[in-house]
1. Residues that are part of a loop (DSSP other than H, G, I, E, B), touching a residue at least 24 places away in the same chain (Cβ under 8 Å) and not small (Gly, Ala, Ser): does region 135-142 have at least one?
2. Working only within region 124-134, note down all residues that are under 20 Å from the mean Cα position of the chain (by Cα) and without any contact (Cβ under 8 Å) to a residue 60 or more places away in the chain.
3. So LEU110 clears everything in (1) touching a strand residue (DSSP E or B) at 6+ places or on another chain (Cβ under 8 Å); (2) closer than 25 Å to ILE17 by Cα except one condition, right? Which one?
4. Test ALA91 against the criterion of being over 24 Å from ASP8 (Cα atoms), surrounded by fewer than 19 Cβ atoms within 10 Å (Cβ to Cβ) and over 16 Å from the mean Cα position of the chain (by Cα), and give yes or no.
5. If you check TYR105, TYR149, which single one turns out to be closer than 28 Å to PRO51 by Cβ, surrounded by 13 or more Cβ atoms within 10 Å (Cβ to Cβ) and either in contact (Cβ under 8 Å) with a residue 24 or more places away in the chain or among the acidic types (Asp, Glu) (or both)?
6. In this structure, is THR74 outside any strand (DSSP E or B) and within 16 Å of the chain's Cα centre (by Cα)?
7. Can you tell me which condition SER143 does not meet? The list is (1) closer than 24 Å to ASN15 by Cα; (2) in contact with a Phe, Trp or Tyr (Cβ under 6 Å, 6 or more places away or on another chain); (3) hydroxyl-bearing (Ser, Thr, Tyr), and all the others hold.
8. Given the residues LEU60, LEU50, LEU107, LEU80, which is the only one that is touching a Pro at 6+ places or on another chain (Cβ under 9 Å), at pLDDT 80 or above and within 17 Å of ILE142 (Cβ to Cβ)?
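The values are calculated or read from the model by the stated rules, or taken from the named source; none is laboratory data. In this text, all values refer to a predicted model and were calculated from it rather than measured experimentally. We place every Cβ from the backbone using ideal geometry, glycine too, and count neighbours over all the protein chains shown.
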Amino acid sequence: MRCQCSHDDDAVCSNCILDCRDIDAGRRPQAALSQQGSNYHVLEFHLVALPSGISANQDLLRLIVYDQNNHVVTQSTFNLISDDRDTTANAPFGIRSERGKGVVYTLRALPDRQSYQLKVEGVAYDPPGQTVLYHTTFIIYISVASYPY
């Protein structure tokens, strides 16, 4: 997978990472974060293929924010985000935090032969919880099959 022009490919963790050299020089690229103090932005893609018959309250995916050394940052929060409020409000998915990990789950049964796109924001803070240290945007594609596997 190729990264956007404002992101670099990190061979260690196979993620797209925002190039922050322009931020440090005072020139903020368009994809840069608006939060002050944030200097590490990762874009992760997840493809999830599900069988038919997925019921409500099923955990589907665990999301994790990592630091630059590929360590889990447990002081993280997760939110479903979208440019379209109707999409987020009507999506059959929810997210909850569980020991620093984001868990995507179903709010209601998923109909067969459907596809979904979710965007989740994971933000990690310093130990006092005041400064944003790491920011990960998770782009998730979910496909529900016609048949059970």
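1. No: zero hits.
2. ALA124, TYR125, ASP126, GLY129, listed by residue number.
3. Failed condition: (2).
4. no
5. Working: TYR149 fails: surrounded by 13 or more Cβ atoms within 10 Å (Cβ to Cβ).
It is TYR105.
6. Judged against the criteria, THR74 is a match.
7. (2)
8. After ruling out the rest, the residue left standing is LEU107.
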